[in-house]
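*Asks:* Mind looking over this structure? Questions follow.
The values are calculated or read from the model by the stated rules, or taken from the named source; none is laboratory data. This structure is a prediction, so every number in the text was calculated from the model and none was measured. Because the Cβ atoms are built from the backbone with ideal geometry, glycine has one as well, and the counts that use them run over all protein chains shown. Keep in mind that these areas ignore ligands, DNA and RNA; they rest on the heavy atoms of the full protein, side chains included. Shrake-Rupley method; radii C 1.70, N 1.55, O 1.52, S 1.80 Å.
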Amino acid sequence: MRHSRREFIKQLGWGTAALATTRYWGCRGKSPGPSKPNIIVIFADDLGYGDLGVFGNPTIHTPQLDRMASEGQKWTSFYSACSVCTPSRAALLTGRLPIRSGMCSDINRVLFPNSTGGLPDSEITLAEALKTMGYVTTCVGKWHLGHLPPYLPTRHGFDSYFGIPYSNDMDSRGIKGAFADPKSEYWNVPLMRDEDIIERPARQETLTRRYTEEVLKFINSQKDKPFFLYLAHTFPHVPLFRSEEFSGRSLRGLFGDVIEEIDWSTGRILDTLRDLGLDRRTLVVFTSDNGPWLSYRQQGGSAGGLRGGKGSTFEGGMREPTLFWWPGQVSPGLEMSLGSTLDIFPTACCLAGVDVPSDRTMDGFDLGPALFGENPSPRDIMFFYRGTRIFAVRKGPYKAHFITRSGYGPDKEVSHDPPLVYHLNHDPAEKYNIAEQHTEIIEDIRLEVERHRQSLIPVKNQLDERI
Ligand code: MG
């Protein structure tokens, strides 16, 4: 039986205050098949919209991800919540825009090895939420939400952790030309298990393989309890590394080798789920934290036909190649309605039977209706922040840019009044400004911005304190 949102909130016993601050969420999908399914999120780093075979790349071979897409759902309008690593990851794990957790800044765009902040303890991560229903949780890969003890995955609801605490280009030893012919020793990146450094510098050419082994071991050890596995790949963030077996394989060169190893890794995970008979009890999501790092030219990825890349609020910075897979449950096909990494939190909570936090503003929607083939996604709006400011807003097919700036580089930002307006269904490359013909759209989006601003509560900035 379906309830209105107000009835639903009443049913859960929340007051009117909750109603005022929970504009977005509410379980909307019909609960499918097994309750408390396993949840796996595979999060690539700096993978562009055009970097997978199934998203049109002509020279990168991704048979496993292509198969995942054909068995599951391919989303073509799915957004990360920010165009750089740290805020994007904070949003994924909390279901909240980074402005609400203090995990964004106009000075430091991400956390660095000398940062002293991290994801605040007051935030509720998806791992913590799922643990309340008995899930076993693990994080494998790049964290980048604070490398000091109070901020590590093990303090944020993950039972175990194996990976690097921040980006693989940090702790640089300043070797000239390091990115063109990278070697692990050019960086002093630590590899951690739980809260201990077990290797430094991390042998980066082995990371994708070792992450995969770690994940397979974890899946094989889960017999009785549901699990949440967050696999945040280190690559294709530069410097690029792959194992010997993948060296020189791809027509796309080093970058292609790296993606083909991630493809292999995904295939191993899905095969293991099939072999163990867990495939019909496991939702797997594959997406990326932000778009391709274009300033690294051929070492960076491609946003396909989209404008811009990592760091920018044009589509190439935040629209991600995204797949959902759950045989027998997720209805196979192409999904063009809007989704976001912000939606993974409430979607997973609804499947697990967890109450989404009611004491704070959440920014995600339950994507159940779209995943189970009932209705399009309930999301119709997306805010594009750069640091603490809104640069653009998408509502329905229209996107208004109030401020633009390229992702990286010395150029200055440009303010637009009236904003630039693009119809993303007709013009996904954001080439043809139609602001003059659509003043009513601009007014509507301005009202949305006003309403959104009223929901913001000032919090401590976590990115600007550095040693
Ligand atoms: Mg990234």
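*Asks:* For the stretch 48-60, enumerate the residues that are part of a loop (DSSP other than H, G, I, E, B) and surrounded by fewer than 24 Cβ atoms within 10 Å (Cβ to Cβ).
*Replies:* Taking the stretch 48-60 first, the residues part of a loop (DSSP other than H, G, I, E, B) are 48-52, 56-60.
Passing the criteria: 50, 56, 57, 58, 59.
*Asks:* Can we say residue 282 is farther than 13 Å from residue 51 by Cα, at pLDDT 95 or above and of a type in the set (S, T, N, Q)?
*Replies:* Working: farther than 13 Å from residue 51 by Cα: yes; at pLDDT 95 or above: yes; of a type in the set (S, T, N, Q): yes.
When the stated conditions are applied, residue 282 passes them.
*Asks:* Within the stretch 316-351, count every residue that is under 20 Å from residue 259 (Cβ atoms) and out of contact with any Cys (no Cβ under 8 Å at 6 or more places or on another chain).
*Replies:* Qualifying residue count, the stretch 316-351: 10.
*Asks:* Across the stretch 61-115, what is the number of residues that are out of contact with any His (no Cβ under 8 Å at 6 or more places or on another chain), away from the ligand (no atom under 13 Å from the Cβ) and assigned to a helix (DSSP H, G or I)?
*Replies:* Number of matching residues: 14.
*Asks:* Okay, next question. Do you know which residues across the stretch 425-454 are among the acidic types (Asp, Glu) and open to solvent by 20 Å² or more (accessible area, probe 1.4 Å)? Don't jump to the end; show me each part of the working.
*Replies:* Going through the stretch 425-454, the residues among the acidic types (Asp, Glu) turn out to be 427, 430, 436, 440, 443-444, 448, 450.
Across the stretch 425-454, the qualifying residues are 436, 440, 443, 444, 450.
*Asks:* Further question on the same structure: For the stretch 262-278, which residues satisfy the criterion of being under 23 Å from the mean Cα position of the chain (by Cα) and open to solvent by less than 30 Å² (accessible area, probe 1.4 Å)?
*Replies:* Correct list: 262, 263, 265, 266, 267, 269, 270, 273.
*Asks:* Follow-up question, since we're still on this one. It is to be established whether one or more residues within the stretch 328-341 are open to solvent by less than 10 Å² (accessible area, probe 1.4 Å), out of contact with any helix residue (DSSP H, G or I) (no Cβ under 7 Å at 6 or more places or on another chain) and either outside any strand (DSSP E or B) or aromatic (Phe, Trp, Tyr) (or both).
*Replies:* No, every residue in the stretch 328-341 fails to be open to solvent by less than 10 Å² (accessible area, probe 1.4 Å), out of contact with any helix residue (DSSP H, G or I) (no Cβ under 7 Å at 6 or more places or on another chain) and either outside any strand (DSSP E or B) or aromatic (Phe, Trp, Tyr) (or both).
*Asks:* Out of the stretch 247-261, which residues are open to solvent by 10 Å² or more (accessible area, probe 1.4 Å) and not acidic (Asp, Glu)? Reasoning before the result, please.
*Replies:* The initial filter retains those residues of the stretch 247-261 that are open to solvent by 10 Å² or more (accessible area, probe 1.4 Å), namely 247-254, 260.
Answer for the stretch 247-261, where residues must be open to solvent by 10 Å² or more (accessible area, probe 1.4 Å) and not acidic (Asp, Glu): 247, 248, 249, 250, 251, 252, 253, 254.
*Asks:* Let me ask something else. So, in the stretch 116-126, of the ones that are touching a residue at least 60 places away in the same chain (Cβ under 8 Å) and over 17 Å from the mean Cα position of the chain (by Cα), which residue ends up nearest to the ligand (Cβ to nearest atom)?
*Replies:* Taking the candidates together, the pick is 118.
*Asks:* Hey, another quick one. Only one residue in 431, 412, 460, 395 is among the basic types (Lys, Arg) and closer than 30 Å to residue 283 by Cβ, so which one is that? Step through it out loud before you land on a result.
*Replies:* Details: 431 fails: closer than 30 Å to residue 283 by Cβ; 412 fails: closer than 30 Å to residue 283 by Cβ; 460 fails: closer than 30 Å to residue 283 by Cβ.
Result of the check over 431, 412, 460, 395: 395.
*Asks:* Could you please let me know if residue 125 is closer than 18 Å to residue 195 by Cβ, open to solvent by less than 10 Å² (accessible area, probe 1.4 Å) and not small (Gly, Ala, Ser)? Show your work before the answer.
*Replies:* Values: closer than 18 Å to residue 195 by Cβ: yes; open to solvent by less than 10 Å² (accessible area, probe 1.4 Å): yes; not small (Gly, Ala, Ser): yes.
In short, yes.
*Asks:* Yes or no: the stretch 286-300 includes at least one residue that is farther than 16 Å from residue 78 by Cβ, assigned by TED's automatic domain parsing to the domain that holds residue 250, within 14 Å of the ligand (Cβ to nearest atom) and open to solvent by less than 10 Å² (accessible area, probe 1.4 Å).
*Replies:* Within the stretch 286-300, one or more residues are farther than 16 Å from residue 78 by Cβ, assigned by TED's automatic domain parsing to the domain that holds residue 250, within 14 Å of the ligand (Cβ to nearest atom) and open to solvent by less than 10 Å² (accessible area, probe 1.4 Å).
*Asks:* Pairs only if they're at least six apart or on different chains, beta carbon under 6 angstrom, first in the stretch 199-213 and β-branched (Val, Ile, Thr), second assigned to a loop (DSSP other than H, G, I, E, B); list them, first residue then second.
*Replies:* Sorted first by the residue in the stretch 199-213, then by its partner, the list stays empty.
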